[in-house]
Each structure stands twice: as C-alpha cells, then as structure tokens.
1. On a 0 to 90° scale, report how tilted helix A:288-297 is relative to the longest principal axis of chain A, with both axes built from alpha carbons and the result rounded to the nearest 10.
2. Using alpha carbon centroids, what distance separates segment A:7-85 and segment A:116-158, in Å?
3. With N set to the residue count of chain A, report its C-alpha Rg divided by 2.2 N^0.38 Å to two decimal places.
4. Can you tell me the length gained on complete extension of the stretch B:Arg320 to B:Thr46, counting 0.36 nm per residue apart and subtracting the Cα distance?
5. Considering only DSSP beta bridges where both residues belong to segment B:5-101, give the percentage that are antiparallel (nearest 5).
6. So in chain A, what percent of DSSP beta bridges are antiparallel if you round to the nearest 5?
7. Quick check for me: using +1 on Lys/Arg Cβ and -1 on Asp/Glu Cβ, what's the dipole size of chain B about its Cα centre, in debye to the nearest 20?
8. Got a sec? Charge dipole of chain B, +1 on Cβ for Lys and Arg, -1 for Asp and Glu; which of B:Asn377, B:Pro353, B:Gly211 is way out at the positive end?
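The values are calculated or read from the model by the stated rules, or taken from the named source; none is laboratory data. Computed from a predicted model, the values in this text were never measured in an experiment. Using ideal geometry, Cβ is built from the backbone for each residue, glycine included, and neighbour counts are taken over all protein chains shown. With ligands, DNA and RNA removed, areas are computed over all heavy atoms of the protein, side chains included. Shrake-Rupley method; radii C 1.70, N 1.55, O 1.52, S 1.80 Å.
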Amino acid sequence: MKDAPYAAAESALAGEIAAAHEAGEPVEIVGGGTRRALGRPVQAARAVSTASLSGIALHEPGALTLVAGAGTPLAEVEAALAREGQRLAFEPMDHRGLLGSSGEPTLGAVAAMNNSGPRRIQAGAARDAMLGVRLIDGRGEVVSNGGRVMKNVTGYDLVKLMAGSWGTLGLLTEIAFKVLPIPEAEATVMLTGLDDARAVEALSAALGSPYDVTGAAHGEGRTLVRVEGFAAQIAHRGPALARLFSPFGKAEIVSGEASAALWRGVRDVEAFHGREGAVWRVSVKPSEGPRLVSALKAQGAFAALYDWGGGLVWLLTAEEGDAGAALIRAETRARGGHATLVRGSAATRAAVEPFEPAAPGIAALEARLRAAFDPKSILNPGRMRG
Amino acid sequence: MQMPEPEARILSRKAEIVARLEAALSPGAVIHAEEEVRVYECDALTAYRCPPLAVILPSSTAEVAAALRILHEERVPVVPRGSGTSLAGGALPTADSVILGVARMNRVLETDYENRFIRVETGRTNLSVTGAVEAEGFFYAPDPSSQLACAIAGNIAMNSGGAHCLKYGVTTNNLLGVTMVTMEGEVLEIGGHALDAPGLDLLGVICGSEGQLGVVTEATLRILAKPEGARPILLGFDENEVAGACVSDIIRAGVLPVAIEFMDRPCIRACEDFAHAGYPDVEALLIVEVEGSEAEIDDQLAKIREIAARHSPREMRESRSAEESAAIWKGRKAAFGAMGQINDYMCLDGTIPVSALPLVLRRIGEMSRDFGLDVANVFHAGDGNMHPLILFDANKPGDLELCEAFGAEILKLCVEVGGCLTGEHGVGVEKRDLMEHQYSAADLEAQLRVKDAFDPRWLLNPAKVFPLHVTAGRRMAA
Ligand SMILES: Cc1cc2nc3c(=O)[nH]c(=O)nc-3n(C[C@H](O)[C@H](O)[C@H](O)COP(=O)(O)OP(=O)(O)OC[C@H]3O[C@@H](n4cnc5c(N)ncnc54)[C@H](O)[C@@H]3O)c2cc1C
C-alpha cells in the first residue's frame, strides 16, 4: 500500500535482490527464523531479513481486512486483531515447540508456507484468507497482485501461487488478509478410547452433520470436535453432537479456555514436543488416514496424530536411515496423498526430499514457473525442490 | 471492441483442420457449417459477436487431448467454452479460432460422502452438482445466479461466486483438484482429494485464469452438509449510507450471515413492477440471511434487529416461514430479469472496500446525472461486490458506447477507492482494456509470464484478460 510504514524498506530490499540477481548470488529469505530447520537447507551464502518490513498498514474491522508488512511479528498482528475482537481464522501453527526453535514467527512466513491449522476444515487455509500480496521477484522487481477486497477475479490469482511457495518465487513484502470476528463461545465434544478407524468414522459423522464443526482431530486416545459461535448456538450444537456421537460412546463437553487449550495442542502438535525422532506431515483422504497408519505400523515403529477429520496425519518415527521416507512416500502415494518431512536433522533433510516430489509433467511446469519469477534461481535455492 | 485480425493462413486451411479434427473425434463432435457455428458466436455479453472457424464438442479428456494436439500443431487459437453464460465475453470467439465446448462431458464420476467430495466432468451445470448430492443432505456451496445454466468449467475459469459466498467462499475455496489438458495436449492431474496439495499451488492460479492456461475437463469439488435451516430478514432504510453503515455493524458484531444483499430504489421499483414481491417503498433495502436451527436463527435475527434498530430502519420484516422467505427473496432473484424487461442494461461487477460504499454510491448517482443514463444498484454488500446495472437503449445510436464509457468510469472509481475491476464475472474482453488502471506494467508482466509457462505459444483464449497492445508481441511470436 502507498504510505505503508515499510514502503522505503521494500524499495531497499528490491535493490538488494536486483543486485543479487545481477551478481547471480543466491540469498536465503529469513523472517523470524523459527522454521529455518524445515525443508532442505538453503544453499546460499547470504541471508536477507524481512525484519524491516514491519508494521500494520491498515486494519479495517468493519470490512474484515488487515494489511501488514511481511516482517510483522504474527503476535503483533494477533494482538491488534484481538483488540477489535477479531482473528486470523485459519489458525496458523506455531512450529517453535515442535522444532525446538526460538524467535518470533512473522506474517510473511505464515503466508509463504500457507500455514493453516485445525480450522482449515471450516474457515479455509491461509491461502483462502489472503486477499492480496506485494512481492519482490528474483529480478528485484516489485509486483503486486490481488488487493484488499474480499472478492477479486481481476487477472490471474498470483496470491495463491505465492501462498505455499516458500519464498522460491518471490520475497513477500506485504500481505492483505481477510480476518474474522472471534466468536463469543466455543466448546469441544470429546470421546475417549476409540481406535483410529472408529475415531475417523466419528469425525466424518460430525463433519457430515449440519453443526458447522470448526475442528475435528484425534490422538492420544482422545477424539475432539469443536464448535464455535454465539453462546446460544454452542448450547445447541454441543449437545446435538454428543447425541450424534452416542453410537461411539459417551461424549464429554469441554468449553471455554479448556477447549481452547485442547486446540492449541492439536494446532502445534504438542503430543510430539520433546519426543525424539523425525516428524512427517501427511495429507490423504480422511478415510485413508487410519489405513495408512496401520499399514505403516505393520512395517515399523510409528506414532500418529490426526487433524482435519483424519485427512492430516502427523507421524513420529525413528530418524534412522532415510527417516521412513521411502516407506511413508510409497504408502501415502498408493492412497493418492503426499508427505512432507517437517522435523529432521540437517543431514536427514539433505539426504531425503523433505517435500513431496512432483509427477514429471507437474515438475516441468513448476520449473518453468520458477524460471519465470526467478530466472537465475537465487531465491531460497533448494529449499522446496532441487 | 477491438479483436485481433483473423489469420489468413488459418482461414484458408479450414477444410484440412476440420478433417483432422473429425478423424480424431467421435462422430458429430465437429461443427463447421456456417449456420451452425453461429450458435456459438457470443456468450451472455451479446453486444459482441463473431462466428468461430469451427466448434468441437469432445466427449472425454482423451478426445480433448487429441484435439488440442492437432490444434497446437496447426497453431489455431482455442476458446474453451462451458455453457456460454459469461458476462465478460470470456467465451467470445475470433473468426480464426476453434471453440472447444465441454457441454457433452457432464457425468458425475465419483461421490464420496465420507470424505465430502464429488468428482464431475466440467460440462456439468452448477445446480446439478448440488442436485447429485442433496438427497444425502449435502450441497455444493458456490451458487452463481446463473446456476441453472452455467457449467463447472466456466465457474472454475472465472472463479465464480454467488449470493452465499460471504460464508462459504467462491469457487477457488471449494475446489480440491482438476484434470487439465494443456495446449500441447498433455493431461495433468492437479491437486487431489486432500485439503492441501504438494508443490506450488497450481490449482489456485488455474482457477480464475479464464481459459488461458489449459482446458479443465474434470474437477473434484468439496461438498458440505446442509445447514438445519435458513431464514432472511428484510431491512428498509431511508438512505443508502445508513444501509451501508448497518452492513458494516452487522459484520463487526460477529454475526456471520450467509448473505447480505443490497438493492437501491431504482432496483426495488423495477423488481416491484416485475415480480410484485411486496417490497417497501424505501431508498435502500437489505436482505440478510442466517443459518442454523430454528432457535439459532431466531437468536441471530434478534441480534441483527438490535443492530439495525440503531440505524432507524423504515422497515424490518423477519421471515417466519418458508413462504415468507421465498417472498423476501423473490424480488432479488428476479432483479436482473426485471431490469431486462424494462431496458437494455449492462451489469458491472467491481468490488470495493465495504467502508467505501456510501461514497461510491453517491459518486455513481452523480455520474448517472452527468452521463444521462439511469443506474440501478443490486449487489452482495457483505463483501463489497457491486453490481451496478446501467440502463441504456440498444436501438439508440451511441447509447451503448455512452453506457460503456460510464461503466469504465465506475470501475475506475472502484479501483481508486481500493477495490478492483471485477469481483466474480471475470475480465474477458469487457474489462480487458481497463487492466492498466489496476495493475502496473510489472504487475501485468508477472501474469503474462505465468501464461508463457503454461501456454508458450499463446493459443488459448489469447485475446482476453490483457490489453491487446500488452500481449501483441507474445501473440505474434507464437
Ligand atoms: C443471468 C446471469 C447471472 C449471473 N450471475 C452470476 C453470479 O451470481 N456470480 C458469478 O460469479 N457469475 C454470474 N454470472 C456469470 C457466469 O454465469 C459465470 O461467469 C459462469 O461461471 C460462466 O460459466 P459458463 O459455463 O457459462 O462459462 P462460459 O461462458 O462458457 O465461459 C466462461 C469462461 O470460462 C472459460 N472456460 C469455459 N470452459 C472451460 C474449460 N473447460 N477449461 C478452461 N476454461 C474454460 C471460457 O473460455 C471463458 O473464458 C451470471 C451470468 C448471467 C447470464
């Protein structure tokens, strides 16, 4: 945006990238640095920090929009939104606990990795909430796409392309988000003691109900379904879901802060914090989640947690050899899914592909797109794909 | 409206091209007689027409791929087409182009209620997707007003929205995967069944690319469980500004209606005359719909009444039954038809920040006086997607041009206040020449490079979306 507090910083960074392009010198884009240990170690002599791109340029509560610099700490954005009773609805995960990292996660990283938590099933992913971006491409040119309005089909949607590109197509400088009101109340309907397959059946039943479920997770013997809204709505939907669950067992209803704490745990994969081993994140059809896990367990030692109704599976396994890569990829692909190594040592991440390799036709297309945005491959080279 | 000169080398090879296509496709799939191709000379932007070289109606992805390989070799431009309801001229042919229609590909390939998706061939109409799953209590959320006719193919290409997208999002938010055939005839599987896909978000950029990146033949769509119920409230106000402020307050209060529709006086009047919906005689009217159980609906509507009451509404009419709901929606649903009865009209589609609503409505009123053409406003107020309808007389020389000039001024105003040229109808040919008002040369160049990556020869729908002078070099080089 014009007059954004980070406008001068954007120009300066564009100059830096243009010089790097000129020199053919790769750079690593660093925000808060809390997820540096995710993906391939970047092959770059130099880091470029987004810290100078900090500040909220616009927050219009009545229009549900927020525009801020990519280097703005996520915590600052969340606090500003909370003051107006609003939030980023896609519930981005905080990776610090899982990765054992420190620093302040930034808004740009949330966008660049399309970081979406449990509410993804109902409110959409980060990419769905992103209304517009500004970025610096690999030539040092500033490009803007999308805008700050809720509906926009003017030209190609490069906003989505940027979401989840891990800084390999451009350095994001500014992001406009759709934000949503924080509901008055929330409750979690909890079942205990179900096996994985039964648990996912219960989650499917809840997601196929009219109660507008905003979280559906299973792990450590607990099966959780969340509803949010006005107090009167929650008073209706909580018990309605408990009744729906009666074939699965007697459900308990947890509300308020206790419910919120459960979902922070799901979001941040808390059950794996402090436990040794490699952590994988797998996406499949929800009904395939438990089948995948039992196939894996028949061939090795795995612990599993489920989110997104069973469609997002977190796996913990020993970090020996390829950290389970070949086995996990084979079983996942056989089910039409894909797997990402989220936690592993630098050696493991250099030896196995952390991101799912693409089919040949898609890989060629991705390579052409990369070359279109970053012809000399100077932005985060190697991070996502070789 | 300027379109590229048709290429003589293509026109002169029509017989050979048709013969090759006929050999590759099933019988009856190639249409080339002059009187028959005329059916495809325009879409719903009927002011512009041009019969294509030929029309092909393949019946499978494999046939689409075979046809595209031939057309790529022959270097013939291809205009993909769903049902031809585009309001932006997205499916308008040129004389040297082949229309590739997916209308014959309309099967449901898979329904999976446990995992909540449906896979269809993209020629299937929007409404019939919901039709295929509603017996099980599910629906497909994006609901353009044209849903009876428009195809999923066009919905994906335009990233179409609908009245209920305030809560459920537009096409891109409900699309999980597609099968797409490139101009070279390569079949790509993009996305899948999961809520995220590996690699770059190609699906995100394909959705809304107006048939310029590939031909989408199959799609996996999210389906959702139907809510327990839904009911609207109708609110009437003496001033547009006040209605606009009320919209903002409802949104801020945390009530998330599924729809907030806005109509101004000229539109209310036309709907009254046409549909006799029994609307009050007010300056501005809102229809706000909420979902849930009966008790939840009562509770939310009470909250909305409370907010509206602070804005001294002239009328608050809460629906208590299915009949009353239908009566409230009747006029709104008939709005376009009603306007069509009394006049020729052009429907605009700019989006603005909700906060700019009062200013923009006032400026449109002033411009209406300056241009001497009436405007009726009906739009999705919750998300700022405006649909000003400019009334004109197609039989009056110069009126269409005047109307287009007025439309362009309104769209420029939308951009000026922080909005955009089009919220859901797409750029097509209609807004092509305004793109430079919204985007800088570098912004446009980044988009053109994306097309280069998908369609290096610039054969897919090449004369759309970008101003012709911006794409000339690329189109000529191809
Ligand atoms: C009365 C009326 C009301 C409308 N209401 C709405 C509304 O509420 N919301 C809304 O968003 N729109 C609305 N529209 C606009 C229109 O219906 C939508 O844009 C719709 O999605 C077009 O679908 P279609 O199948 O008719 O596409 P077409 O008109 O056939 O084509 C539209 C675009 O899609 C491309 N395309 C078609 N098929 C393919 C394919 N297989 N692969 C790649 N590209 C393809 C075409 O090249 C073209 O650029 C309305 C139109 C009318 C006439």
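1. Roughly 90 degrees, rounded to the nearest 10.
2. Between the Cα centre of segment A:7-85 and that of segment A:116-158, the gap is 14 Å.
3. 1.00
4. That pair, B:Arg320 and B:Thr46, stretches by 94.6 nm at full extension.
5. 20 percent
6. Expressed as a percentage, antiparallel bridges in chain A total about 90.
7. I would put it at about 600 debye.
8. The residue sitting farthest along the positive end of the dipole is B:Gly211.
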